[in-house]
Amino acid sequence: MITHISVIIPAHNEEKYIKRCIKSVNNAKRYFKGNVETIVVCNRCTDRTAEIAKKNGAVVVFNEDRCIAKVRNDGIAVAKGKIIVTIDADNRMTRGTLNEIYKMLRSGRYIGGGAPIRFERYSFPLWCNDILCRVSFGLTGLYSGIFWAKKDTFDAIGGFVDIRAMEDVATAKALKKYGKAHKKKYGVLRKNCLINSTRKYDDMGDWLYFKLMFKNLSTFVKAAFGDRSGMDKLFDEMFYDYNG
């Protein structure tokens, strides 16, 4: 039996959110005629993420790295699907996502792409974040959130770029460059979107990322000149060790 799509979900202690993410994938399966497998990559999990994922029909693999690119790449390595789709464990996809991705890749015009992002709730600061995302994505064309491309394309570019942060932008650039060489576009879904979790905003306030930018300005400046120790600590706090 041909597996048409493999959905890769990296997860670090996501027992609160993994079921609803898988549920959104399962819902999208109903609007797609092909075969889909869901792979949850449990990254340093000490909770019930793996158990819940298995109960909801996912294949589970384990990873101990502190690098989200390596986590995703471990999922891609075991994937059986001809098409790879990635989504984070606390986010959700809309019901037509898999079908739209399949159609766009079958058209032969796209090397891969991303999806527009919409927050699961809104407030004034979250609208500000939304606008910044739309402007930056619109100017660069480097949509992320949900990544999609053929497996052989990910293999050709070496998978997700192996860095601890901003790997999404770097990978989008790599896909776009590879696509240009093959006369294909880096695309974005038009009818579907990523529903972005507001868990960190719920936990730490809706102005979170604006505050982080001002609070850690010196850290960003030092990183620009080669001292990344402060950035690594910030990444651990906000991403690799966060369990909110």
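The values are calculated or read from the model by the stated rules, or taken from the named source; none is laboratory data. What you see is a predicted model; the values in this text were computed from it and never measured. A quick note on method: Cβ atoms are made from the backbone with ideal geometry, for glycine too, and the neighbour counts reach across all protein chains shown.
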Open item on the list: For the stretch 122-162, give me the residue count where each residue is under 19 Å from D88 (Cβ atoms) and among the β-branched types (V, I, T).
Closed with: 2
Open item on the list: Contact list please: Cβ distance under 7 Å, first residue in the stretch 51-67 and closer than 15 Å to S24 by Cα, second residue among the acidic types (D, E), pairs at least six apart or on different chains.
Closed with: I52/E15
Task: Where V60 falls short, out of the listed (1) surrounded by fewer than 20 Cβ atoms within 10 Å (Cβ to Cβ); (2) at pLDDT 95 or above; (3) more than 18 Å from the chain's Cα centre (by Cα) - done: (3)
TODO: Out of E15, E37, report the one residue that is in a loop (DSSP other than H, G, I, E, B) and under 18 Å from the mean Cα position of the chain (by Cα).
DONE: E15
Task: Scan of the stretch 40-50 for residues that are assigned to a helix (DSSP H, G or I) and without any contact (Cβ under 8 Å) to a residue 40 or more places away in the chain, ordered by number - done: A50
Task: Inter-residue pairs, beta-carbon under 9 Å, first touching a residue at least 12 places away in the same chain (Cβ under 8 Å) and within 17 Å of T171 (Cα to Cα) and in the stretch 118-143, second of a type in the set (S, T, Y) and surrounded by 12 or more Cβ atoms within 10 Å (Cβ to Cβ), 6+ apart - done: F137/Y143; F137/S144; G141/Y186; L142/S136; L142/Y186; Y143/Y186
